Amino acid sequence: MNQVHDLQINHDLQINHDLQINHDLQINHDLQINHDLQINQKNYKYTLLPTQYLINFLTNFNLKKSMENIIKEHKSYYDLQKIMNDSKSHEQNNRHTILFILFNIYQNEVCHIERLTYFNKSNSCYLDFIHTKASYQKQGIGYLSLHYLIHHTKSKFRFKYYELKVRKENIQAIHLYSKHKFKIIQEIKQENKETNKTINVLLMIKKIEK
């Protein structure tokens, strides 16, 4: 009798596991978003995709070199491989990674990137790697990119909170986040991996209103 009971439990666990995998695959499939976007009479495209599709996407649009460049511009000690390694490490802890990429398809150039990470069944997520390439700054790209990232993910995952960190002296970024109703919650000290010095960082959180 116990053996039959154990078999039933194992069967139920397998079903639950398979359902979870199918659910995750469906979310990943649904998240492969590609849209056109016009900013200041210039045409762009943006995509929102899980990192397991990143390399194929960059290859198909001939954006790999440009992606490497914008990553380095944002964080000199980072590269595309480290982004992928981060994602694999996150997945081992049930933490998922989604990338937002806005690009100029005619020049094969990535103009803006954002990274979002979240845990299964969490009502909050964390944003980082929010960066507009220097030659595309002050054109409204950062504002619209963050708008569309939040727009597409808040309903899909029912996030109630978006969290990020920003250097205290980065007034331009703080102003951008404030326009999206991010509020300063806390000031913390954090090590800068580029300089190995301690810097002041602001924790900001946006609450999604019903």
| message | As an exercise: evaluate LEU176 against (1) buried (at least 16 other Cβ atoms within 10 Å of the Cβ); (2) under 18 Å from PHE129 (Cα atoms); (3) touching a strand residue (DSSP E or B) at 6+ places or on another chain (Cβ under 7 Å) and give the number of the one condition it does not meet. | response | (3)
| task | Would you be able to tell me the number of residues in the stretch 185-210 that are out of contact with any Lys or Arg (no Cβ under 7 Å at 6 or more places or on another chain) and free of Cβ contacts under 8 Å to residues at least 60 places away in the same chain? | result | 12
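Would you confirm whether any residue within the stretch 82-103 is among the polar types (S, T, N, Q), crowded, with 18+ Cβ neighbours inside 10 Å and not in a strand (DSSP E or B)?
Step one: of the stretch 82-103, the residues among the polar types (S, T, N, Q) are 85, 87, 89, 92-94, 97.
From what is left, the residues that are crowded, with 18+ Cβ neighbours inside 10 Å are 87, 97.
Subsequent filtering for residues that are not in a strand (DSSP E or B) retains 87.
The answer is yes; a qualifying residue exists.
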| said: Suppose we keep only residues that are assigned to a helix (DSSP H, G or I) and aromatic (Phe, Trp, Tyr) within the stretch 35-78. Which one would you say is farthest from the chain's Cα centre (by Cα)? | reply: PHE57
| request: From (1) crowded, with 20+ Cβ neighbours inside 10 Å; (2) in a loop (DSSP other than H, G, I, E, B), pick out the condition that doesn't hold for LEU149. | output: (2)
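In the stretch 65-77, what residues are surrounded by 17 or more Cβ atoms within 10 Å (Cβ to Cβ) and either aromatic (Phe, Trp, Tyr) or touching a helix residue (DSSP H, G or I) at 6+ places or on another chain (Cβ under 9 Å) (or both)? Even if it seems obvious, please write down each step before you answer.
Narrowing the stretch 65-77 to residues surrounded by 17 or more Cβ atoms within 10 Å (Cβ to Cβ): 66-68, 70-71.
The answer is SER66, MET67, GLU68, ILE71.
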| remark: Restricting attention to the stretch 160-192, the residues that are more than 27 Å from GLN38 (Cβ to Cβ) and either among the polar types (S, T, N, Q) or within 17 Å of the chain's Cα centre (by Cα) (or both) number exactly 9
| Residue that is modelled with the highest pLDDT [pool: residues in the stretch 195-210 that are part of a loop (DSSP other than H, G, I, E, B) and surrounded by fewer than 11 Cβ atoms within 10 Å (Cβ to Cβ)] | GLU209
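Is the stretch 121-128 home to any residue that is assigned to a helix (DSSP H, G or I), surrounded by fewer than 14 Cβ atoms within 10 Å (Cβ to Cβ), more than 11 Å from the chain's Cα centre (by Cα) and without any contact (Cβ under 8 Å) to a residue 12 or more places away in the chain? Before you say what the answer is, go through the steps one by one.
At the first step, the residues of the stretch 121-128 found to be assigned to a helix (DSSP H, G or I) are none.
The answer is no, given that none of the residues of the stretch 121-128 is assigned to a helix (DSSP H, G or I), surrounded by fewer than 14 Cβ atoms within 10 Å (Cβ to Cβ), more than 11 Å from the chain's Cα centre (by Cα) and without any contact (Cβ under 8 Å) to a residue 12 or more places away in the chain.
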| field | Failed item, numbered, when TYR106 is tested on (1) in a loop (DSSP other than H, G, I, E, B); (2) touching a helix residue (DSSP H, G or I) at 6+ places or on another chain (Cβ under 6 Å) | value | (2)
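The values are calculated or read from the model by the stated rules, or taken from the named source; none is laboratory data. None of the values given here were measured: they were computed from a predicted structure. When we count neighbours, we look across all protein chains shown, and the Cβ atoms used for this are built from the backbone with ideal geometry, even at glycine.
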